[in-house]
1. Which of the residues spanning region 109-118 are among the basic types (Lys, Arg) and surrounded by 13 or more Cβ atoms within 10 Å (Cβ to Cβ)?
2. What are the residues in region 205-243 that are surrounded by fewer than 15 Cβ atoms within 10 Å (Cβ to Cβ) and small (Gly, Ala, Ser), if any?
3. Does Ala246 satisfy the condition of being open to solvent by 10 Å² or more (accessible area, probe 1.4 Å), in contact (Cβ under 8 Å) with a residue 60 or more places away in the chain, out of contact with any strand residue (DSSP E or B) (no Cβ under 8 Å at 6 or more places or on another chain) and within 15 Å of the ligand (Cβ to nearest atom)?
4. If you scan region 264-283, which residues turn out to be touching a strand residue (DSSP E or B) at 6+ places or on another chain (Cβ under 7 Å) and either modelled with pLDDT under 90 or not polar (S, T, N, Q) (or both)?
5. Got a sec? Which of Gly281, Gly308, Gly295 is assigned to a strand (DSSP E or B) and open to solvent by less than 70 Å² (accessible area, probe 1.4 Å)?
6. When you look at Pro153, is it away from the ligand (no atom under 13 Å from the Cβ) and without any contact (Cβ under 8 Å) to a residue 24 or more places away in the chain, yes or no?
7. Just checking, which of Asp162, Asp148 is in contact with a Cys (Cβ under 7 Å, 6 or more places away or on another chain) and open to solvent by less than 90 Å² (accessible area, probe 1.4 Å)?
Amino acid sequence: MDLKAFAERLEALARELEAQLARAESLREVEALRVRALGKKGELKQALASIGALAPDARKEAGRIANAVKARLEGALADARARVEVLERKRRMEAERIDPTLPGRRPPLGARHLLSRSLEEMVAIFRAMGFALEEGPEIETERHNFDDLNIPPEHPARAMHDTFFLRDLAGYVLRTHTSPVQIRAMRAWRERGMQPPLAVVAAGRVFRCDEDATHSPMFHQIEGFVVDRHISLAHLKWTLRRFLEAWFARTAPIRLRPSYFPFTEPSVEVDIGCLICEGRGCRVCKESGWLEVLGAGMIHPRVLENAGIPPERFSGFAFGLGVERLVMLKYGVPDLRWFFQGDVRAGGM
Ligand code: FA5
């Protein structure tokens, strides 16, 4: 081999490598090309090894050519590296790109149950009228649930309540209504040395062995009562109308029907015009155009006496309303069982 062939070999090597470097798209490719050209076993080393075969006077020139090619290749490698680095950064940024102007993702939060919110709202309406909030237990004595409310053991009203008795706890029932809170609250007020006027609401769950589109084995009631001198049915009517108008945010027809509860005398049942069918008749109102929403009356003198309040000096009214029915009417829920079926579609209401 002569010097010319040596120079041509290196020139060809440099050209080929420059062309490949120009096409390289990653640092890994550039590094592979560097190893191939300038590595320990690289092509330049191999070319240098052949210098010994040249004529002695050509060797110096060959060394110069080899150094120049090496420098040229190093320059090309550095250029390629710089170019590919930019390319790689661009690719990475493209992959990791975020758009801070996009709206955030809403975390899947739960919503409070329509009944819980409604119960709170109803209680707030009564509180705004001056009622105090009291509580009673869900596992109640038969005495509070029945006897003290003038429902003695053999009284047919006991059967009407479809009571859940507790097998292992004689004398206790799941309360069938919130009326026992009347007794508890009146006694507690007396024990605290407080005198009428007394205006109390109590809200909570009640239980009856009963189930169809308008009856559920567990439902909610709000009990309310007022005891003072000269309380009459007119006060009851005013209070209920005011509550119903606040709850429905509109006027709705109301009718009081004579009824019977052992713990009130006289007793009434309050119906409201069915807001689902506007009184025309539908499944919810059983085609009558009216829905019974609550029972009420003047507190029976014997109940006042049982609670330690002298009936010759004081009188009172009481009412117990079905929370689910009022929510169904306001929001057009056609079946009471939907409240307890775990269907989350109403969550955002
Ligand atoms: C009572 O429970 C009486 N304690 C109400 C009362 C209180 C009267 C104070 C007088 C003085 P009644 O059984 O009618 O009454 O129930 C009251 C309301 O609860 C009904 O008007 C109805 O709206 C609702 N209700 C009754 N049973 C169910 C049930 N199974 N599912 C859903 N709501 C019901």
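The values are calculated or read from the model by the stated rules, or taken from the named source; none is laboratory data. For clarity, every value in this text was computed on a predicted model and none was experimentally measured. With ideal geometry, Cβ positions are generated from the backbone for all residues, glycine too; neighbour counts draw on all protein chains shown. Only protein heavy atoms, including side chains, enter the accessible area calculation; ligands, DNA and RNA are left aside. Shrake-Rupley method; radii C 1.70, N 1.55, O 1.52, S 1.80 Å.
1. Arg117
2. Of everything in region 205-243, those that are surrounded by fewer than 15 Cβ atoms within 10 Å (Cβ to Cβ) and small (Gly, Ala, Ser) turn out to be Ala213, Ser232, Ala234.
3. Here the answer is no, as Ala246 does not meet what is asked.
4. Within region 264-283, the subset touching a strand residue (DSSP E or B) at 6+ places or on another chain (Cβ under 7 Å) is 264-274, 279.
Answer for region 264-283, where residues must be touching a strand residue (DSSP E or B) at 6+ places or on another chain (Cβ under 7 Å) and either modelled with pLDDT under 90 or not polar (S, T, N, Q) (or both): Glu265, Pro266, Val268, Glu269, Val270, Asp271, Ile272, Gly273, Cys274, Gly279.
5. After applying the criteria, what remains is Gly295.
6. Here the answer is yes, as Pro153 does meet what is asked.
7. Unique residue meeting the criteria: Asp162.
Residue-wise test of (1) assigned to a helix (DSSP H, G or I); (2) open to solvent by less than 50 Å² (accessible area, probe 1.4 Å); (3) without any contact (Cβ under 8 Å) to a residue 60 or more places away in the chain.
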site	(1), (2), (3)
Gly104	no, no, yes
Pro107	no, no, yes
Glu120	yes, no, yes
Gln195	no, no, yes
Ala203	no, yes, no
